[in-house]
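The values are calculated or read from the model by the stated rules, or taken from the named source; none is laboratory data. None of these values were measured; they are calculated from a predicted model. Every residue, glycine among them, receives a Cβ derived from its backbone with ideal geometry; neighbour counts consider all protein chains shown.
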Amino acid sequence: MAKKKRHSKLFAAFFTGIFVCAVAAAIWYAIPGYKIEPGYWVVEDAYRNYQSQVMAEVTGRVVRLLPDDPGSNRQQKFVITLKNQQNLMVIHSLRYSERVPVAVNDEVIVRGEYLRTEPGGVIHSTHWDSGIKKRHGWISHQGTLYQ
């Protein structure tokens with residue numbers, strides 16, 4: 001009889017663990033920003049409405065390469081132009097991801113957090129985020145995903 005009680009307790013603990021994991025996954029995917037509709041209009045609307053901290057996924061052409069930020073927070077920087085002619089500075093952390101081998105006129109798809117600035121805006125957090133604070137970002141260049 002004691003064996004049956006132990007098995008039923010293990011069974012209940014196992015399914016409780018599965019249930020907790022399922023609920024955590026549902027909450028994770030329900031957080032705004034996880035699913036992102038790709039398109040420049042997300043950034044265009046955020047710029048027009050003075051919004052920042054918006055997750056965005058945009059396609060653009062590299063128009064300018066900028067020098068890296070030195071120091072412990074090494075960052076790769078470049079400017080892209082979207083289809084609507086809006087310019088965005090992309091800041092890609094080399095601390096969390098490898099360098100993206102972009103050149104002027106290359107097309108990239110960038111997913112990250114948009115911050116509004118007067119010249120057009122910045123997209124940063126283009127890397128995997130190990131915390132739950134932000135959604136994961138990445139840069140796609142010539143079929144390779146950098147995150």
task: Exactly one condition in (1) loosely packed, with under 13 Cβ neighbours inside 10 Å; (2) modelled with pLDDT of 95 or more is not met by Leu65; state its number.
output: (1)
statement: Taking segment 90-108 and keeping residues surrounded by 15 or more Cβ atoms within 10 Å (Cβ to Cβ) and not in a loop (DSSP other than H, G, I, E, B) leaves Val90, Ile91, His92, Ser93, Val108
statement: Filtering segment 31-49 down to residues that are out of contact with any Lys or Arg (no Cβ under 6 Å at 6 or more places or on another chain) and either assigned to a loop (DSSP other than H, G, I, E, B) or more than 16 Å from Val110 (Cβ to Cβ) (or both) yields Ile31, Pro32, Lys35, Ile36, Glu37, Pro38, Gly39, Asp45, Arg48, Asn49
- request: Output the number of residues of segment 103-123 satisfying the condition of being at negative phi and in contact with a Leu (Cβ under 7 Å, 6 or more places away or on another chain).
  value: 3
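Step by step: first the residues of segment 113-126, then only those that are touching a Phe, Trp or Tyr at 6+ places or on another chain (Cβ under 8 Å) and assigned to a strand (DSSP E or B), then the one that is surrounded by the fewest Cβ atoms within 10 Å (Cβ to Cβ). Which residue is that?
Of all residues in segment 113-126, those touching a Phe, Trp or Tyr at 6+ places or on another chain (Cβ under 8 Å) come to 116, 120-123, 126.
Keeping just the survivors that are assigned to a strand (DSSP E or B) gives 122-123.
On the way: Val122: 18, Ile123: 26.
My answer is Val122.
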